[in-house]
Structure formats: structure tokens, C-alpha cells
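Only one structure is covered here, and it is reproduced in the block below.
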Amino acid sequence: MREIINIDVLQSIQDKFAEATGLAAVIVNREGVPVTKCSQFTLFCNTVRSCEKGFQNCKLSDAQGGIRAKEEGQSKPYVCKSGLIDMAAPIILENRFIGTILCGQIILEEDGREKTFARVKAKTKDYDINFKELERAFEKIEILPRSRIVAATEFLSITANYIAEMGLVNIYQQELIEESRTRRELEQHLRTKELKVLQSQVNPHFLFNVLNSIARLSLIENARETEEVVYALSDLLRYSLRNIEEVVKLEEELSCVRDYFTIQRKRYGDKYNFIIDIDDNILNINIPLLTIQPLLENAIIHGLKDQESGTVRVKGYRRSNKVIICVEDNGAGMDKNILNNLLKYDNNKDKIKSHITGIGVNNVHKRLQHYFGEKYGLDIKSRPGKGTEVKINLPAENTQ
């Protein structure tokens, strides 16, 4: 409760309630432990709470009072474990019981002082306190008619609902603040990445002209494989220099994947297999630019680099309301320590980055959540010696 509502505010509400009703009041958590200072507590209850057993019984009584009112769906007067009349109203926040506001410490008029004292005497007989003191304190307890208690109970319920609504507002405000902070961090991160791309461009037109010249020369010299690699490299570089904030169709992103695989096949020959297995029905789905390529490079460099052979597979399918794109390798894998921290690195500590784009796995994850929400992004499974599977989770209804 302390994390949701400012305790000073709770104390102020409780004090005003006690002042308005003339009743003792306290706010406790689900276990009955007070989260505020008691307001207008009777001398009798302070005396009871001065001994360990009395205090523990009071906590238990407060907890049970809140739970009982929650289960019954209404606040009702009840006899506390020391024999007096109390009222409890549960504080329910988004269907979750977080605590109770209590008031009372009174004698019901129809019970009378004599009957109530007999009940108090039976319930407190084994308390480690001076009973004469307790009896003198009991004589000062107020006697109230049932109508006054019913009115106080209704006011108590209204106060509990107000506290819950205030807590809900605070939660929403905290979520908005956190969302705003996350968005600012991501925007700053994206601006930094954009600047790095711009710095790396120098003169891209010159670079592409040179590559096209090499490709044409390869064609003239009948060097077909060289021509294929040069064109693939040219297309891959052109794709990587686009606006990093752009969202493209999966089909377009796969063109980048094919270009990357073309280059890697020529580099490694038959050492590694590169496979694309994507359901045609999801090719129109939207995906942030350069989502898959950094994962492929990570699979090759960190998964297969010390292997004599291996396979990198990209597969995609729809499952319920999600589209799943998997990047799998049967390489070295990673231990739990690395795996648990892979998506937690900040911008400066992300060690696993694409050599081509400078985009790290953590950045891919954050961009996906930025565009589609926190329930989307990357899921990573890996075992040392067994390979790694990275799942890209996208919303299925995402084709605009």
C-alpha cells in the first residue's frame, strides 16, 4: 500500500475521518499491520496493545475484519478480539485486496456496558496487563446507538472507496511517467543510432557507384559469383542506410535477409547452411526496419564462429493473435547468466551488436516494444552446446 499511496495523505484522510465521526480509526495492510498512526484510539485499546498478546490479537482482528467485509461485499460492525465493537471496510484496488480502514472501539447501546464488560473480561483474561487499569480505561469508552454505528459504517465504506480511487489514479500517473521515461530513452537511443548511420554514410552515392562499377566489370569478365555478391552487398548497404525508425513489410525485410545470406554463403562456402522458411500468409505484416539482420549476424558471429559446420534458419508463422519470426542456430549457445542479461544491457553496455548496422539485440527488443507494446518483442532460449532460438513476437493484426 505504501508503494501506491502516499502515507502522509492516508494519515490526513484517516485523521479527518476520525475527527468527523468521533471514532478511533486506523488503516492497516492485508496482514492487519498498521500503515498509519492510530487516530483517537481509546485508552482501553492502547492499554491492550501495550502487551504482546493483545497487540497480536488486535492485528489478527483487523486483518480478519477486512477479509470478512471483502468476502461479504459490505462493511458491517463486528466484535473485536478484545470484546469491543469495530467496523472494517476493505480497500480494493483493481479487484485486489490491499488493506483495510477500520474504526470503532465502542460499546453498542443495546449490549450495554455490563454485558460488554463481561465479554471483554473473558477475552482479555490472559493478557499480561494490569486488569484494574484496563477496567478504568473501559469505563471511558463511549456507548453508541446502532443508528450511529450504521451511519459510521457507510461513511467508512465511502472513505475506503475514495482511497482506492486515489490509489488507482496514482498507479495510472506512475505508468504514464514510466512510459514517458521509456519513450524518451528510446527516442534518444534512436537519435544516437541515426547520427551513427549519418556519420558512417560519408558519401553513399560514391560508394554505390563504385560497387555498381565493380558489378558491371564482373559481368564483362564473366565473374558471375562476384557480380552476385557485389549486388547483394550494394542492396544490403542501401537498406541499412534507410531511416532507422521506418517500418516495412516483412517481405521487404526478407530481401535484406536474402542479400545477407548471399554474402555469407560466398564467405563461408559449404561450411554453414542458411535457410528461410516463412509462411506466405504473413509476408504483408509490418516489422521495424533491420529487425532480423542483427539477429542473424549474432547467430553467425557468436553462435557458429568456432563450429566446423552449422545451420541458421529463419522461419515465420502465425499463432493465434501473434506472428512469430524465429532465428535459430545450432551453434555454441550461451549460459544462463549471459542469457538473463542479454535484453537488459543499456545503450553503452550492449556488447552484442551488428557489425553492419551497429544495432544490438537489446535495441531490437526495445524498438519492437516501442512500436507494438510491452507484450511484444524478443524471447530468447539458449543452452550451451545446443544452440540459440530468438523469437520475434509481432501482433498479427498489423498490416497497415
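Bear in mind these aren't lab numbers, they're just calculated from the coordinates by the rules spelled out. Please read all numbers here as calculations on a predicted model, not as lab measurements. Heads up, the Cβs are rebuilt from the backbone with ideal geometry, glycines too, and the neighbour counts pull from every protein chain shown.
Karplus-based coupling profile of the range 160-168, in residue order and whole Hz: 4, 5, 5, 4, 5, 5, 5, x, 5, with θ = phi - 60° in 6.51 cos²θ - 1.76 cosθ + 1.60 and x standing for Gly or Pro.
Under the simplified labelling scheme, the Lys271-Ser255 pair shows an inter-label distance of 3.0 nm, with each label point 7 Å from Cα along Cα→Cβ. When only alpha carbons are used to place a centre, the range 70-140 and the range 15-62 end up 10 Å from one another.
Restricting the calculation to alpha carbons of the chain gives Rg and Dmax of 34.2, 114 angstrom. Work from the charge dipole of the chain (Cβ charges, +1 for Lys and Arg, -1 for Asp and Glu, about the Cα centre) and give the residue of Ile85, Asn363, Gln56 farthest towards its positive end. Farthest towards the positive end: Gln56.
Evaluated with a Cβ-only charge set (Lys, Arg +1; Asp, Glu -1), the chain carries a dipole of roughly 740 debye about its Cα centre, given to the nearest 20. Here the range 7-172 was treated as a single set of alpha-carbon atoms; its pair distances binned every 5 Å from 0 give 1, 9, 19, 23, 20, 14, 8, 3, 1, 0, 0 percent. Angle of helix 112-123 to the longest C-alpha principal axis of the chain, folded into 0 to 90 degrees and rounded to 10: 60°. Longest stretch of the chain clear of exposed loop sites (trypsin sites (Lys or Arg not before Pro), DSSP loop, at most 16 other Cβ atoms within 10 Å, sites excluded): 141-241.
Would you mind checking the pairs Lys266/Lys305; Lys322/Lys386; Lys315/Lys381; Lys37/Lys125 and listing those with alpha carbons more than 22 angstrom apart? Each step should come with its number before you reach the end.
On the way: Lys266/Lys305 15 Å; Lys322/Lys386 26 Å; Lys315/Lys381 15 Å; Lys37/Lys125 27 Å.
Long pairs (Cα-Cα over 22 Å): Lys322/Lys386; Lys37/Lys125.
Between the Cα long axis of helix 204-220 and the first principal axis of the chain there is an angle of about 40°, rounded to the nearest 10.
Computed from Cα positions, the angle between helix 52-72 and the longest principal axis of the chain comes to roughly 70 degrees.
Where does the chain land at 222 nm, in deg cm²/dmol rounded to the nearest 500, when only DSSP H runs of n ≥ 4 count, each adding -39500 (n - 2.57), divided by all residues? Intermediate results must be reported in sequence, preceding the final value.
Values: 12 runs with 196 residues, N = 400.
Roughly -16500 deg cm²/dmol at 222 nm, from the helical runs in the chain.
Over the chain, with a Gaussian network built from C-alpha contacts below 10 Å, which listed residue (Glu179, Glu71, Glu251) shows the highest mean-square fluctuation? The residue with the greatest mean-square fluctuation here is Glu71. Springs between Cα atoms under 10 Å define the GNM used for the chain, and in it the highest mean-square fluctuation of Ser75, Ser147, Ser61 occurs at Ser147.
Restricting the calculation to Cα atoms, every distinct pair contributes to the Kirkwood radius of the range 278-339, found to be 13.2 Å.
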